[in-house]
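The values are calculated or read from the model by the stated rules, or taken from the named source; none is laboratory data. Bear in mind the structure is a predicted one, so any value in this text is a computation, not a measurement. No Cβ is skipped: glycine too gets one built from the backbone with ideal geometry, and neighbour counts run over all protein chains shown. Remember, those area values only see protein heavy atoms, side chains included, never the ligands or the DNA or RNA. Shrake-Rupley method; radii C 1.70, N 1.55, O 1.52, S 1.80 Å.
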Amino acid sequence: MASIALLYDVYASALFGYILKIVADKEKAENILEFIFINLSRTIENYNDGRGSLFIWLLNTARNKSIEALGVKPQISNTYQSELSLLEKTIFSLINVGGLKANEISDLLHLPLKTIKAKFDQLYKFKQLEHEKTGFDNDSL
């Protein structure tokens with residue numbers, strides 16, 4: 001349990017800010033953050049360090065819970081989402097649901113702005129491909 005407390009000390013502030021940006025409700029954000037850390041001891045075995053950092057995994061969990069709380073459906077179909085990396089899904093959500101700009105994502109994820117912009121370009125091309133196949137509007141990205 002001490003390790004969960006340490007993780008809370010390290011990540012809670014950044015996660016809370018991210019969740020609050022999505023749900024725009026302090027009480028909801030607090031509840032989501034609490035849920036994430038209460039369930040962390042049961043879900044930590046799902047973490048795979050080969051797919052990304054622990055922070056990205058927690059951010060992805062926060063994103064999923066925040067979107068679930070809003071009742072918002074992802075704007076990339078499940079078929080195409082399965083082809084995206086965890087980092088790409090996180091960036092997509094930060095842009096599309098969180099409304100963040102590339103420099104804000106770079107700061108939040110502690111990644112070079114160039115990396116974020118490259119991933120954004122990949123996602124944009126991905127959305128164009130999806131639009132061609134499904135007729136889905138890619139203006140939402």
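Details
- Filter result (among the charged types (D, E, K, R) and over 20 Å from ALA69 (Cβ atoms)) within the stretch 1-37: ASP9
- Members of the stretch 45-61 found to be open to solvent by 60 Å² or more (accessible area, probe 1.4 Å), part of a helix (DSSP H, G or I) and polar (S, T, N, Q), listed by number: ASN46
- The single condition from (1) open to solvent by less than 60 Å² (accessible area, probe 1.4 Å); (2) closer than 22 Å to ILE95 by Cα; (3) not basic (Lys, Arg) that SER13 fails is (1).
- Boolean, GLY99 is modelled with pLDDT of 65 or more, out of contact with any Cys (no Cβ under 6 Å at 6 or more places or on another chain) and not charged (D, E, K, R): yes
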